[in-house]
Amino acid sequence: MTAAIEVRDLVVERGKRRVLNSISTTVPRGSVTGLLGPSGSGKTTLMRAIVGVQIVRSGSVLVLGQPAGAAALRRKVGYLTQAPSVYDDLTVRENARYFAALYGYGATAADAAIRDVGLADAAGQLVASLSGGQRSRASLACALLGEPELLILDEPTVGQDPVLRAELWDRFHALAAAGTTLLVSSHVMDEAGRCDRLILIREGAIIADDSPADVRAAAGTTDLEEAFLRLIQEREEAVATPGDRAGSTAVANERQTP
Amino acid sequence: MSARILAATTRRILTQLRHDRRTIALLVVMPTALLTLIYYMYQNLPAPPGAPRPFDRIALVVLGLFPFTIMFLVTSIAMLRERTSGTLERLLTTPLNKLDLLFGYGIAFGLAAAVQAAIASAVAYWVFGLDTAGPLGLVILIAVTNAVLGVALGLFCSAFARTEFQAVQFMPVVVIPQSLLCGLFVARDQMAGWLQGLSRALPLTYAVEALQEVGAHTDATGRMWRDLAIVAGAVIVTLVLAAATLRRRSG
């Protein structure tokens, strides 16, 4: 069977800036892959390219064996945008039922998705009246609908309470066990350990692409955050261009985010 | 396109409207309030011999202008919100076809306009004694077609606005020139030649002419149907243009 995602030499430019600089990676089916990196590193751009809404300069992205954005993929790929994209002036239930209808599912599937993200109690509330965390879970519910084969989740756990976060990760693994492929971005390193595979990207390039155990082994430390820092330093010493030095301060700041 | 997705989208847009009580109240009350204003403005103005009284002439045209203007504004803001909130990008990653979305807006706001036009017409006919030679049903039909034209133009213009401030600025660009040149203020055959030509290129002109035909003739005239067909054609052309502004891929 083909890989869930196959990215080859992907280049994305925004204006004169190169956001993704010739990225190649493969995501196997039925796994949870973490896409990690500081904000501005190109995570969202890579995810948008995989969903097929990003204009790319060159390179190829194959999703479930088809070019990204192909019409047939639209019912197989679920996408959670970073900023919650649900209707503020509808209730959680109305939102979920609308997105369910787009995939040909009924009210039962919509209600199940709401329960899965722990919003059953708030189902009748307008999205505008929800907290930030609830709002992003409402958005997540709409992405989980329709049992997609591939789920692209852009920072699904930001602002969630730790218990809920753990529940959401359990849910992601349950989905993966049932055959769904998940690509989950995060800028929080403690979530990296929960993934089957990790892709670390920084300034539009891949720094590491391996299982958490192998990343730890390669860097010679058990702490993933420390491991990434070492990998970045090793890489910078290898390349040693002055321009990259300024970037490393940025990543150190970014790591402060809890 | 899919009937199921179109129906779900229409229902979703109407549900959003239903949650917004104040907008509904404005849609219902405002035309009536403005008609009242117009009625008293023209109350003491004598009718020229052999011509309908000024209120009849103005109110008939205004019944078509309201839905056009209001639905243009409501739609351009609603569509802009879809673009800025990320819901449009999300919708375009689902099996939804662009036309499902555009027709969904057309049908949902067309229905809202039908309700608005029915209420405004009822007030004009039965409270203020509006007198037209032709039937009320045709007036409402033209008003709703005109509202759908407003929806289509709103969907299209929202592509050129990044903020709601910009979106409302398209009102004077799109609505006011058409209203000035449609024959309401100065009869079209009394305008300079180049203005007449300009007026003939604008769809609202035909909607107003259709209304005037209903005002002057007992039965629907060929010219009225031709005018209505031109407005409907303008709707289709604008929707196709609007579909072209919905890009699945962006930078």
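When the test is whether a residue is open to solvent by 20 Å² or more (accessible area, probe 1.4 Å) and acidic (Asp, Glu), residue B:131 passes it.
Quick check on this structure: which one of A:184, A:239, A:215, A:188 is of a type in the set (A, V, I, L, M) and open to solvent by 60 Å² or more (accessible area, probe 1.4 Å)? Give the steps one after another, and end with the answer.
Numbers: A:184 fails: open to solvent by 60 Å² or more (accessible area, probe 1.4 Å); A:215 fails: open to solvent by 60 Å² or more (accessible area, probe 1.4 Å); A:188 fails: open to solvent by 60 Å² or more (accessible area, probe 1.4 Å).
From the options A:184, A:239, A:215, A:188, the qualifying one is A:239.
Against the test of being surrounded by 21 or more Cβ atoms within 10 Å (Cβ to Cβ) and within 14 Å of another protein chain (Cβ to nearest Cβ), the options B:143, B:113, B:108 yield a single qualifying residue, B:108. Does residue B:51 fit the bill of being under 30 Å from residue B:131 (Cα atoms), among the aliphatic types (A, V, I, L, M), away from every other protein chain (no Cβ under 14 Å) and more than 17 Å from the chain's Cα centre (by Cα)? Against the criterion (under 30 Å from residue B:131 (Cα atoms), among the aliphatic types (A, V, I, L, M), away from every other protein chain (no Cβ under 14 Å) and more than 17 Å from the chain's Cα centre (by Cα)), residue B:51 qualifies. Considering every residue within segment A:102-117, establish whether at least one is among the aromatic types (Phe, Trp, Tyr) and either open to solvent by 50 Å² or more (accessible area, probe 1.4 Å) or part of a helix (DSSP H, G or I) (or both). Checked segment A:102-117: at least one residue is among the aromatic types (Phe, Trp, Tyr) and either open to solvent by 50 Å² or more (accessible area, probe 1.4 Å) or part of a helix (DSSP H, G or I) (or both).
Condition check: surrounded by fewer than 23 Cβ atoms within 10 Å (Cβ to Cβ) and either small (Gly, Ala, Ser) or under 16 Å from residue B:155 (Cα atoms) (or both). Does residue B:75 satisfy that?
In short, no.
Is there a residue in segment B:7-16 that is touching a Phe, Trp or Tyr at 6+ places or on another chain (Cβ under 9 Å), modelled with pLDDT under 95 and not in a loop (DSSP other than H, G, I, E, B)? No, that holds for no residue.
It is to be established whether one or more residues within segment A:54-64 are part of a helix (DSSP H, G or I) and of a type in the set (Lys, Arg). Lay out the reasoning, then the answer.
So in segment A:54-64, the residues part of a helix (DSSP H, G or I) come out as none.
No, every residue in segment A:54-64 fails to be part of a helix (DSSP H, G or I) and of a type in the set (Lys, Arg).
On the given criteria, is residue B:167 at pLDDT 90 or above and open to solvent by less than 50 Å² (accessible area, probe 1.4 Å)? Spelling it out, residue B:167 is indeed at pLDDT 90 or above and open to solvent by less than 50 Å² (accessible area, probe 1.4 Å). Checking each residue of segment B:79-97 against the condition of being within 10 Å of the chain's Cα centre (by Cα) and surrounded by 23 or more Cβ atoms within 10 Å (Cβ to Cβ) gives no match.
Go through segment A:78-95 and give me each residue that's within 11 Å of residue B:15 (Cβ to Cβ), more than 7 Å from chain B (Cβ to nearest Cβ) and either of a type in the set (Asp, Glu) or open to solvent by 20 Å² or more (accessible area, probe 1.4 Å) (or both).
Step one: list which residues in segment A:78-95 are within 11 Å of residue B:15 (Cβ to Cβ), which gives A:87, A:89-91, A:93-95.
Then drop every residue that is not more than 7 Å from chain B (Cβ to nearest Cβ), which leaves A:91, A:93, A:95.
Hit for segment A:78-95 is A:93, nothing else.
If I filter segment A:208-215 for residues that are among the aliphatic types (A, V, I, L, M), in a loop (DSSP other than H, G, I, E, B) and farther than 27 Å from residue A:14 by Cβ, do I get at least one hit? Show your work before the answer.
Let us first name the residues in segment A:208-215 that are among the aliphatic types (A, V, I, L, M), namely A:208, A:213, A:215.
So of that shortlist, the ones also in a loop (DSSP other than H, G, I, E, B) come out as none.
The answer is no, given that none of the residues of segment A:208-215 is among the aliphatic types (A, V, I, L, M), in a loop (DSSP other than H, G, I, E, B) and farther than 27 Å from residue A:14 by Cβ.
Consider segment A:10-27 and keep the residues that are of a type in the set (Gly, Ala, Ser) and in a strand (DSSP E or B). The one that is surrounded by the fewest Cβ atoms within 10 Å (Cβ to Cβ) is A:24. Within segment B:58-103, the residues that satisfy the criterion of being part of a loop (DSSP other than H, G, I, E, B), more than 20 Å from residue B:162 (Cβ to Cβ) and facing chain A (nearest Cβ under 9 Å) are B:93, B:94, B:95, B:96. With the structure loaded, tell me whether residue A:139 is under 21 Å from the mean Cα position of the chain (by Cα) and either open to solvent by 10 Å² or more (accessible area, probe 1.4 Å) or closer than 21 Å to residue B:89 by Cβ (or both) or whether it fails that test. Answer is yes for this residue.
Which residue is modelled with the highest pLDDT, if the candidates are limited to segment A:144-163 and must be outside any loop (DSSP other than H, G, I, E, B) and more than 19 Å from residue A:188 (Cβ to Cβ)? Let's see the steps before the verdict.
The initial filter retains those residues of segment A:144-163 that are outside any loop (DSSP other than H, G, I, E, B), namely A:144, A:150-154, A:162-163.
In the following step, the residues that additionally are more than 19 Å from residue A:188 (Cβ to Cβ) were identified as A:144, A:150.
On the way: A:144: 91, A:150: 96.
Result: A:150.
Residue-wise test of (1) of a type in the set (A, V, I, L, M); (2) away from every other protein chain (no Cβ under 14 Å).
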| site | (1), (2) |
| --- | --- |
| B:203 | no, yes |
| B:212 | no, yes |
| B:216 | yes, yes |
| B:225 | no, yes |
| B:238 | no, yes |
| B:242 | yes, yes |
| B:248 | no, no |
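Among the residues of segment A:1-31, those that are β-branched (Val, Ile, Thr) and closer than 15 Å to residue A:200 by Cβ comprise A:7, A:23, A:25, A:27. Taking (1) part of a strand (DSSP E or B); (2) buried (at least 16 other Cβ atoms within 10 Å of the Cβ); (3) not small (Gly, Ala, Ser) in turn, residue A:47 satisfies each apart from (1).
Between B:108, B:114, which is under 20 Å from residue B:211 (Cβ atoms) and either of a type in the set (D, E, K, R) or not in a loop (DSSP other than H, G, I, E, B) (or both)?
Working: B:108 fails: under 20 Å from residue B:211 (Cβ atoms).
Only one candidate qualifies: B:114.
The values are calculated or read from the model by the stated rules, or taken from the named source; none is laboratory data. Owing to the predicted nature of the structure, the values given are computational and were not obtained by experimental measurement. Methodologically, a virtual Cβ is constructed for each residue, glycine included, from the backbone with ideal geometry; neighbour enumeration extends over all protein chains shown. Surface accessibility is based on the protein's heavy atoms, side chains included, excluding ligands, DNA and RNA. Shrake-Rupley method; radii C 1.70, N 1.55, O 1.52, S 1.80 Å.
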